[in-house]
1. Would you tell me the accessible area of LEU63, worked out with a 1.4 angstrom probe on the heavy atoms of the protein chains, in Å² to the nearest 10?
2. Would you mind checking the tilt of helix 2-95 against the longest principal axis of the Cα atoms of the chain, expressed as 0 to 90 degrees and rounded to 10?
3. Got a sec? What order do GLU8, GLU24, GLU92 fall in by accessible area at 1.4 Å, biggest, i.e. largest, first?
4. Note the listed values [x] 12, 31, 27, 20, 9, 1; [y] 11, 13, 11, 10, 9, 9, 8, 7, 6, 5, 4, 3, 2, 1; [z] 13, 40, 33, 12, 2, 0, then indicate which one is P(r) over Cα pairs in 10 Å bins from 0, in percent calculated from this particular structure.
5. Calculate the spin-label point distance for LEU33 paired with LEU81, positioning each point 7 Å from the Cα along the beta-carbon direction, and give it in nanometres.
6. To the nearest 10 Å², what's LYS25's accessible area with a 1.4 Å probe?
7. For region 13-67, just list the percent of Cα-Cα distances falling in each 10 Å bin from zero outward, please.
Amino acid sequence: MSIDMSVEKMAKLEERLQRAVRLEKMVERWKNLHTNCLWQMTLNQRRNFYAALRMKDAMAQELVLANKQLLLVRQAALHQLFEKEHHQYQRELNQMGKAFYVERL
């Protein structure tokens, strides 16, 4: 009976040891996952930072191009307004029997 008990004790001890080993492996996996998760988070933060910088640079370039385009549109509208006023003055002068002086070469 004492041999059976020592075998039972050894079996229980072996079972506890195996359980402890499994728990240690599980804790080690959790630690690795936690470390990996932290690494991914810092990587994403750096990616987001650089993405924001690229977006800011792209927006600045788009703003410069939009301002140039707006300037061209405003210049064209002003040119059109001056042409319209010039024709209006020409009509008024024609009604009075006068004209602009145009030098001919």
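1. Approximately 110 Å² of LEU63 is accessible to the 1.4 Å probe.
2. Result, in degrees: 0.
3. Numbers: GLU8 110, GLU24 130, GLU92 80 Å².
Output order, biggest surface exposure first: GLU24, GLU8, GLU92.
4. [y]
5. The two pseudo-label positions are separated by 6.8 nm.
6. 120
7. Pair shares across the bins are 21, 21, 17, 14, 12, 8, 5, 2.
The values are calculated or read from the model by the stated rules, or taken from the named source; none is laboratory data. As the structure is a computational prediction, the values presented were derived from the model and not from experiment. Methodologically, a virtual Cβ is constructed for each residue, glycine included, from the backbone with ideal geometry; neighbour enumeration extends over all protein chains shown. Surface areas here come from the heavy atoms of the whole protein model, side chains and all, with no ligands, DNA or RNA. Shrake-Rupley method; radii C 1.70, N 1.55, O 1.52, S 1.80 Å.
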